[in-house]
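Report on one structure; see the data block that follows.
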Amino acid sequence: NRTWGVAVCPGDGIGPEVMAPTVAALQKVAAKEGLELRLQHYDWPAHAWHRDHGEMMPADWRAQLAEHDAILLGALGDPGPSSDPDRHLLPDGVSLAPLLALRKGFDLWACERPAVRLPGTPQYLADPRAEGLDMLVIRENSEGEYVAQGGRLAPGTAREVATQVEVFTRLGTERIIRHAFERASARAQARQAGERPPRTFPLPGGGEAAAQVCAITKRNAQAHWGEMWTEIFAEVAGDYPHIATHHELVDAACMKFVTRPWEFDVVVASNLHGDILTDLAAVLCGGMGVAPSCNINPLDRSVPPLFEPTHGSAPDIAGQGLAGPEAMLLTAAMMLDWMGEEDPAAARAGERLRLAVAADLQERDGEASGTRAVGDAVLARLDQL
Ligand code: IPM
Ligand code: MN
């Protein structure tokens, strides 16, 4: 049995609140399944660290985190008195939201945000077909609209011009699209094996696929990357003839996420489009409070992936014990799934944790009950399962 080292970064706002029950749940589930976890706590990146040290993390942050197999993060975003709340200086002087620095620092180029509707979560869509929603949004996490290139010319003057450059590389596009097809293949296999509810999508040459990948662009207005993305999508799709394909412009995709989300399966989108679509997808599945997320490098398991819920630090409800820990707990389950690709004890632990959260949500059926109570209820469930 191998030992898994996890850097636990509770972060800001509700981050520490939702992390506390999650660490307790991880310890319990690990003990139950014979999983060896070594958790090490880091107070950075967080508001307190920033206030005392004037920077988001110590200069050797990358080396320190690289010692671990995975990073589990609560939430980032400084609601405190500092003038520029979401931006911190990296040791090399680059100003970035701290989350982006972590993702970039380890080249975690794939962001996975499953949108699975669990019974008992708020249902914002009236159509009953939205009840069994099960999609996976894969967001390109390393380039695109998030490259931090551009600038402001003649700032503050009437002639001011701000540019924000978008960069899409063939390498970055190809690997994220291929990853989406890999995930779709796994879903197809699980459906055929009866491990997931069956679904079918028409294939262009006749016949049916058990999974689909939908590419998102805005190629009618942003032709350069839109054409390259579409071209690469077609090339990669050629390697997966058993997977159905689809294309949506991002604006139409937003509309269809709301009117018929059950038609989507795996969705692959650029950094910014994926950011926007995953907030929307989270709400279709009960809200930000139950939306897990991970940032991984699928081609390099030696860098620690970063597991963080889709939600932020929620300063409006921080410190009151109101935040639901479900998103954080489900994010920890995603981390266990990732470990589970190598370690059967972790795979069992992930499954058990997810079942416990789902059972608790179902029992409460929409009744909110606060961070503590939900955490305790999930811990109790872990014993019963
Ligand atoms: C997210 C967040 C971040 C992003 C922010 C905090 C920079 O919204 O993880 O979705 O845009 O990626
Ligand atoms: Mn976001």
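The values are calculated or read from the model by the stated rules, or taken from the named source; none is laboratory data. Keep in mind that what you see is a predicted model, and the values were worked out from it rather than measured. Backbone-built Cβ (ideal geometry, glycine too); neighbour counts: all protein chains shown.
Tabulated values for the structure
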| quantity | calculated |
| --- | --- |
| Any hit, the stretch 298-308, residues being within 16 Å of ligand 2 (Cβ to nearest atom), among the aliphatic types (A, V, I, L, M), at pLDDT 95 or above and touching a strand residue (DSSP E or B) at 6+ places or on another chain (Cβ under 6 Å) | yes |
| Cross-chain or 6+ apart pairs with Cβ under 6 Å, the stretch 52-69 first and buried (at least 18 other Cβ atoms within 10 Å of the Cβ), then in a helix (DSSP H, G or I) | M56/H50; M56/P98 |
| Scan of the stretch 105-138 for residues that are in contact with a strand residue (DSSP E or B) (Cβ under 8 Å, 6 or more places away or on another chain), among the aliphatic types (A, V, I, L, M) and not in a loop (DSSP other than H, G, I, E, B), ordered by number | A110, A115, V116, M135, L136, V137, I138 |
| Residue match in the stretch 144-152 (condition: among the aromatic types (F, W, Y) and outside any strand (DSSP E or B)) | no |
| Hits in the stretch 332-379 - residues which are within 23 Å of the chain's Cα centre (by Cα) and of a type in the set (S, T, Y) | T371 |
| Qualifying residue in the stretch 77-94 (condition: buried (at least 18 other Cβ atoms within 10 Å of the Cβ), at pLDDT 90 or above and not in a loop (DSSP other than H, G, I, E, B)) | no |
| Checklist (1) at pLDDT 95 or above; (2) surrounded by fewer than 11 Cβ atoms within 10 Å (Cβ to Cβ) applied to R219, failing item | (2) |
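One line per residue, one yes/no per condition, for (1) closer than 30 Å to G150 by Cα; (2) without any contact (Cβ under 8 Å) to a residue 40 or more places away in the chain:
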| site | (1), (2) |
| --- | --- |
| V165 | yes, yes |
| R183 | no, no |
| R187 | no, no |
| A234 | no, yes |
| C254 | yes, yes |
| V258 | no, no |
| V268 | yes, no |
